[in-house]
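Have a look at the structure below, then the notes.
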Amino acid sequence: MGGLLVADFDGVVADALEECALITWLGAGGRHPWAPGTARRLKVPTAFLSRFRKIRPYARTLDHLVMAHLPQADQVRGRQDFDRIFRTLPEPRVRAFTRAASAARARIRTEEPDYWLGLHTLYPGIAGLLRRHAGATAIVTAKDEPSVLAILDRYGLEDTVAEVVGECSRKADAVRELCVRHGRTPAEVTFLDDNLGNVRAVAATGARTLWATWGHHTRDDVTEAARDGVARLDLAAVATLRLS
């Protein structure tokens, strides 16, 4: 039957930094109202964008991006700082942010599809990777499934992916469940993610895991990955990647 490729989306398949920054800014809960069809004219403040870029490498799921709205985020010097500050946030605030950001994404995707799709670009070589393993690829991502499918469709890749597991916060569990549904063992899975924590978690399932170095990461991630011998995949090597 062959191996199964399981890949993250934002930061592995597509560069969506601009889109994520925009919907994070709009997730402030009604502070940035806009008329229908005018999202393309919204300008994310430079100071906010700078803070967003700083915290983005630490975020595994959409709710983590609420940190970009906190002045305390300027104190983040590593993963422990990020996690400590995030844990202090009231759950209702985090939930309200996540709902508002998700709603903003859905609204822009619906009202201005061409603009929204244009905020996503595929990394070089990724289209070829998905086509080579068409039907034996699954996407496991924090992004919602309709968004992923719309972006794949834009690039003519909708038929390459067997399944999309969207809004996923527990990727190791998702990999195990994919194996059951697709009749594979974890040893037959090749997992790609730019988040080092996700790579470590999925490695515990027995899957072959590769840290995608072209996505979002910190200098500490580079140091830790080298220290612990984490297998990495550079973008130049995507063209020759073979499955387990």
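The values are calculated or read from the model by the stated rules, or taken from the named source; none is laboratory data. Everything numeric in this text was worked out from a predicted model, so none of it was measured. Cβ atoms come from the backbone with ideal geometry, glycine included; neighbour counts cover every protein chain shown. We work out accessible area using only protein heavy atoms, side chains counted, and drop any ligands, DNA or RNA first. Shrake-Rupley method; radii C 1.70, N 1.55, O 1.52, S 1.80 Å.
Miscellaneous remarks
- Within the chain, percent of DSSP bridges classed antiparallel, to nearest 5: 10
- Length gained when the stretch ALA134-THR61 is fully extended (0.36 nm per residue, less Cα-Cα span): 23.6 nm
- Dimensions of region 1-104 based on its C-alpha atoms, expressed as ranges along the principal axes with the largest first, amount to 51, 37, 26 Å.
- Compactness of region 51-123 - radius of gyration and Dmax, Cα, Å: 14.0, 39
- In the full protein context, the chain carries 46 Å² of accessible surface per residue, based on a 1.4 Å probe and ignoring ligands, DNA and RNA.
- Sequence-separation-based contact order of the chain, relative, with Cα cut under 8 Å and 6+ spacing, percent: 28
- Alpha carbon centroid spacing (whole Å) that separates region 206-225 from region 27-65: 25
- Model label sites at GLU167 and ALA35, defined 7 Å from Cα along the beta-carbon direction, differ in position by 3.2 nm.
- Cα-based equivalent ellipsoid, region 116-237: semi-axes from gyration tensor eigenvalues, Å: 22, 19, 14
- Accessible surface of the chain [probe 1.4 Å, protein heavy atoms]: carbon and sulfur percent: 51
- Semi-axes of the equivalent ellipsoid for the chain, computed as √(5λ) from the eigenvalues of its C-alpha gyration tensor and ordered from largest down, come to 29, 22, 16 Å.
- Span-rule helices in the chain, defined as complete DSSP H runs reaching 24 Å or more along the axis (Cα) with Kyte mean at least -0.5: none
- Here ALA47 and ALA127 are evaluated by their C-beta separation; at R0 = 41 Å the FRET efficiency comes out at 0.70.
- Taking a sphere under 12 Å around the Cβ of VAL161 and counting the other residues whose Cβ falls inside, with K and R at +1 and D and E at -1, yields a net charge of -4.
- Largest mean-square fluctuation among LEU89, LEU210, LEU17, in a Gaussian network model of the chain whose springs join Cα atoms under 10 Å apart, belongs to LEU89.
- Computed from the alpha carbon positions, the gyration tensor of region 124-189 leads to an equivalent ellipsoid with semi-axes of 20, 15, 9 Å, biggest first.
- Most mobile listed residue (THR185, THR110, THR137) in the chain, GNM with C-alpha springs under 10 Å: THR110
- Less than 5 angstrom separates the built amide H of VAL165 from those of ILE139, VAL140, THR141, all sequence-distant by 5 or more or on a different chain.
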